[in-house]
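The values are calculated or read from the model by the stated rules, or taken from the named source; none is laboratory data. On a predicted model such as this, the values are computed, not experimentally measured, just so you know. Using ideal geometry, Cβ is built from the backbone for each residue, glycine included, and neighbour counts are taken over all protein chains shown. Accessible surface is based on the protein model in full, side chains and every heavy atom, while ligands, DNA and RNA are left aside. Shrake-Rupley method; radii C 1.70, N 1.55, O 1.52, S 1.80 Å.
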Amino acid sequence: MFLQQLINGIALGSTYALIALGYTMVYGIITLINFAHGEIFMAGAFVGMLLVSYFKLNIFVAMALSMTFCMILGVVIELIAYRRLRRSSRLSALISAIGVSIFLSSLALMIFGADAKAFPDNAFPLHQIHIGNADISTLQISIIGISALLMLTLEFIVQKTKIGKAMRATSEDYTAAALMGINVNRVISFTFALGSALAAAGGMLVGLLFNAVTFNMGLMAGLKAFAAAVLGGIGSIPGAMLGGVLLGVTEVFGVAIGYSSYRDAIAFAILVLVLLLKPTGLLGQKIQKKV
């Protein structure tokens, strides 16, 4: 029982972590809470479902194309909705993010309708593997494996590459980075592209896990991922990973002990508790501002 729920929680939490990484990276660079990120997650799920259902593509090829589509979408959104507001108040950028979120959600409703769409039955070969008293499906193994691979790749890019070094410099001091010759616009666009690609992968994995893709799936998943990012410490990449997994495990155990009606409330109860007890999150750092 414990092992089974732990496996279910890690699989679910891995998808939250993928979305939370997009929130935390954008916040870390330009201190913007990108509320349209949940809709990019939704767009990734729809694009992947269409590629598998109508073009009969392999699920992994469809995921790669969906991630590419959402990378472009993320860059276009940053260019149109956020770049001109970079010097404005945070409230202006936040309202713009909410507007983009509503626009994308309404567009998906107009195109795909309100009914949930499903991946074809043969989209992913499902088998059950017995480990002690627990069963783990090949889909859950793939979700955990793909999420771990993507998170390790992101960590490598941020820590070991030239563009990753530029991202870290920009997150430390936006103006100083620009004065040192870093192309800040390119760094921010790359950050949006990277976060959007991870969200697309998360959207496809969630669509496969629950076999349902809907126009409003980004709202709740996005809010939970935001809660996960805050739990881990928004702005911290390892924190977003940890927060996502912890949130998924907590939610699954909450359902298992009989609180299934409150599964969504669990995420936000954790968010409130963290904000009260440790506002910087588990791995976040307090930022000192000069007066």
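If each DSSP helix of 4+ residues adds -39,500 (n - 2.57) and the sum is divided by the residues in the chain, what number results at 222 nm, nearest 500 deg cm²/dmol?
Theoretical 222 nm ellipticity from helices: -24500 deg cm²/dmol.
Which helices, taking whole DSSP H runs in the chain, have alpha carbons extending 24 angstrom or more along the helix axis plus mean Kyte-Doolittle at least 0.0?
Membrane-span-like by this criterion, though nothing is claimed about a membrane: 2-30, 37-54, 59-77, 90-112, 138-160, 184-210, 237-256.
Report, to one decimal in Å, the Kirkwood hydrodynamic radius for segment 75-154 based on all distinct Cα pairs.
The Cα-based Kirkwood calculation yields 17.0 Å.
If you roll a 1.4 Å probe over the heavy atoms of the protein chains, what accessible area per residue do you get for segment 187-282, in Å²?
Counting only protein heavy atoms, the per-residue value for segment 187-282 is 37 Å².
Across the Cα atoms of segment 128-204, what radius of gyration and what greatest pairwise Cα-Cα distance (Dmax) are found, in Å?
17.7, 59
What's the long-distance tail for the chain, i.e. % of Cα pairs beyond 28 Å?
35 percent
Applying a 10 Å radius around every beta-carbon, put 277-284, 208-215 in order of their mean neighbour count, most first.
Per-residue mean Cβ counts within 10 Å order the peptides as 208-215, 277-284.
Hey, any idea what the orientation-averaged projected area of the convex hull of segment 127-262's Cα atoms comes to, in nm²?
Averaging across all directions leaves 10.3 nm² for the Cα convex hull.
Take the alpha carbon gyration tensor of segment 206-291, find the square roots of its eigenvalues, order them as a ≥ b ≥ c, and report rounded if a/c is under 1.5; if not, report prolate when a/b exceeds b/c, else oblate.
Prolate, since a/c reaches 1.5 and a/b exceeds b/c.
What percentage of the solvent-accessible surface of the chain, computed with a 1.4 Å probe over protein heavy atoms, is contributed by carbon and sulfur atoms?
The C+S portion of the solvent-accessible surface of the chain is 68 percent.
Rounded, prolate or oblate, given the Cα gyration tensor of segment 38-119, with a/c below 1.5 counting as rounded?
Oblate is the answer for segment 38-119, as a/c is 1.5 or above yet b/c matches or exceeds a/b.
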